[in-house]
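Beneath this line is the structure, given in structure tokens, with notes to follow.
The numbers here are math on the coordinates, done by the rules we state, and not lab data. Treat the numbers as computed from the prediction; the structure is a model and nothing was measured. Counting neighbours? That spans all protein chains shown, and the Cβs are built from the backbone with ideal geometry, glycine included.
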């Protein structure tokens, strides 16, 4: 083992690469524009730069990838023409968006019904039925199977979703159909609900299966091209990819269950924040990841990232587990515009990697980056460490066009853009904290992504947060998060039963079945000799509730005769902590069994700074920059790479580095930790 690990995160605007050496504890970072026309081109460019710097590709032992390919395929409606097989009488569920909670309650007051991914003409009903307990009510005979497969063969579909009633209790009907389809139409992708999401609730299970089928061909093609690219570059190891709930999985597994990586890129940012929380000994963090296309807010409570099973993607409710994020279309490349009422709007459209912001010189429109440039935060000659120049004149002209519609000059318009973005992000942070029952004043804010540190300090002032953490390499945070992640898998099985009626033997037997399945699949993937950490969980609810709560069930509890009583107490405590009350007189229902596996990978070590230079040498220059309480003022500009450990710089100031820029507001100070992070807080 050579100890070289490579993390590659592809965003909507930039592709970030982090190369870490376990031997030297050195971290090399690279940031290049994403190439939307061919994602692999941007990845290849970044790898070429690493090779040119002297790295031998054969020396890389681990490659981890984070991507938005799943999300983009869904949002851009560029997936496959998908057909659906469903139980007779249930085809209407595909067209009904019923009982779906609003996305981000309180911020988006309603949910728009998205256009169905599978129109009615591509739905085939299956005249067979499984009962709620898994027994066969109506059999699926060969004659019907042949008829269905012949119809599909005639239309030659690229992808097929199969979602039959109660298939999570009995997979036989789905697997019979799948086997016949694969034999007759071998090129078609087939997604089975009993494999994709074997749990209760028909609508999320149906939609999750359809989306898996819809995005799978493109995801599989993308991942196969990634493997080919790495081999061409001389990298021989099999890569891993981040999945939505914040762990790693093999590309083989991702191809089999594409929907699991739909939030791959954003999950890498949460993994990075979790790593920083442990390293810096901060138990409670609000994560603020502002990249080129979107800005995202998440929560880490008591060192644990918040995860949700009620995840929305493109307006559709998915049943998969995902990191709990609020995401808004307000990144650095988000386009500013004036609506018919002459109100200033920002996003959700983005200039992306091309044409990008107006200041890139590719004909783009006014964006947040243009506003930040005009307000003096960004250095036109030091963007990406000087590798890319920004045109102030083009930014002023583009913002001026928006301002003309509003009756504002370019600087006033730029300030308006900043205020709109900051207000939207402050609301997103409230949604993941206050709306979840947490006081944001009890949390530190970690700001990363290329644009996060530009806006983070102002957000901390507005929300009265105690401090802002600016990582050493904030613009490459998600790529570093990939390197600090573990291999994780989740295995689930729904079985509805009252907790008091559940025999302890059946409880243990169900978990044992999931455990054997988990270890068997890990063995197939080459992890037989690795130490596997197993966590047992149950989804529970009070009888009659329409939602459930996931709780950990320690193995020591499972071993006791009083397991039912102890599990009940665990649930009551968790329900009160989450919702503020418990219903001790109500029976508790078991909904779903969950078994989580984790194989730990070595984590990067944070470097210890040894550099130190006189204060005057780290100040590069002064330039005009805007601050709410002062207006435009002559502002000190510092070079972050030259700051020494324990050094303090007072705001207002701007701290520049190759992958991002940090703005320190008036009445704030930034101190440099021994490991290089900046802590921005109220001034001395």
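Roughly how tilted is helix 39-52, in degrees to the nearest 10 and between 0 and 90, from the longest Cα axis of the chain?
The two axes meet at around 60 degrees.
Tell me the mean residue ellipticity at 222 nm calculated for the chain from its helices only (DSSP H runs of n ≥ 4, each -39500 (n - 2.57), averaged over every residue, nearest 500).
When only DSSP H runs of four or more count, the value is -10000 deg cm²/dmol.
Helix 142-155 versus the longest principal axis of the chain: what angle, 0 to 90°, nearest 10, using Cα atoms?
Compared with the principal axis, the helix lies near 30 degrees.
So what is the relative contact order for the chain, in percent, with contacts set as C-alpha pairs under 8 Å and at least six apart?
12
Per residue and in cubic angstrom, what volume does the convex hull of the Cα atoms of region 357-501 have?
Given the Cα convex hull of region 357-501, per-residue volume reads 211 Å³.
Between residue 509 and residue 41, what length comes free when the chain is fully extended (0.36 nm per residue of separation minus the Cα-Cα distance, one decimal in nm)?
Full extension of this stretch gives 163.6 nm more.
Using the Cα gyration tensor of region 442-523, with a ≥ b ≥ c the square roots of its eigenvalues, what is the shape: rounded (a/c below 1.5), prolate (a/b larger than b/c) or oblate (neither)?
Verdict is oblate for region 442-523.
Classify region 284-353 from the C-alpha gyration tensor, please: rounded if a/c falls under 1.5, else prolate or oblate depending on whether a/b exceeds b/c.
Prolate is the answer for region 284-353, as a/c is 1.5 or above and a/b outweighs b/c.
Using only the Cα atoms of region 535-684, what semi-axes does the equivalent ellipsoid have when each is the square root of 5 times a gyration tensor eigenvalue? Give whole Å, largest first.
54, 21, 12
Could you tell me the ratio Rg/Rh of the chain? Both radii from Cα atoms, Rh via Kirkwood.
In the chain, Rg relative to Rh is 0.98.
If contacts are Cα pairs under 8 angstrom and at least 6 residues apart, what is the relative contact order of region 487-599 in percent?
Taking the mean separation of contacting Cα pairs over the length of region 487-599, I get 49 percent.
Listing 245, 40 from the residue with the fewest other Cβ atoms within 10 Å to the one with the most, what is the order?
Listed from fewest to most nearby Cβ atoms, that is 40, 245.
Between residue 283 and residue 58, how many nm apart are label points set 7 Å from Cα along the C-beta direction?
Roughly 5.0 nm, to one decimal.
At 7 Å along Cα-to-Cβ for each site, give me the label-to-label distance between residue 49 and residue 238 in nm.
With each label placed 7 Å out from Cα toward Cβ, I get 3.0 nm.
Would you please give the FRET efficiency between residue 172 and residue 302, computed as 1/(1 + (r/R0)^6) with r the Cβ-Cβ distance and R0 = 56 Å, to the nearest 0.05?
The pair residue 172/residue 302 has a calculated efficiency of 0.85.
Please work out the FRET efficiency for the pair residue 387 and residue 528, using the Cβ-Cβ distance as r and a Förster radius of 41 Å; give the result to the nearest 0.05.
0.35
Can you work out D for region 229-296 in µm² s⁻¹ from Stokes-Einstein, where Rh is the Kirkwood radius over C-alpha pairs, the temperature is 10 °C and the viscosity is 1.306 mPa s?
Answer from the Stokes-Einstein relation: 115 µm²/s.
Binning at 5 angstrom from zero up to the longest distance, how are the C-alpha pair distances of region 370-409 distributed in percent?
6, 25, 27, 20, 11, 7, 4, 0
Over the Cα atoms of region 487-599, what radius of gyration and what Dmax do you get, in Å?
My reading of the Cα-based Rg and Dmax gives 14.9, 48 Å.
Simple spin-label model, 7 Å along Cα-to-Cβ: residue 561 to residue 23 in nm?
Each label point is offset 7 Å from its Cα along the Cβ direction, giving 6.0 nm.
Let me know the whole percent of all Cα-Cα pairs from region 256-409 that are separated by more than 20 Å.
Roughly 59 percent, once rounded to a whole number.
Angle between the Cα long axis of helix 452-463 and the longest principal axis of the chain, 0 to 90 degrees, nearest 10?
Tilt of helix 452-463: around 90 degrees.
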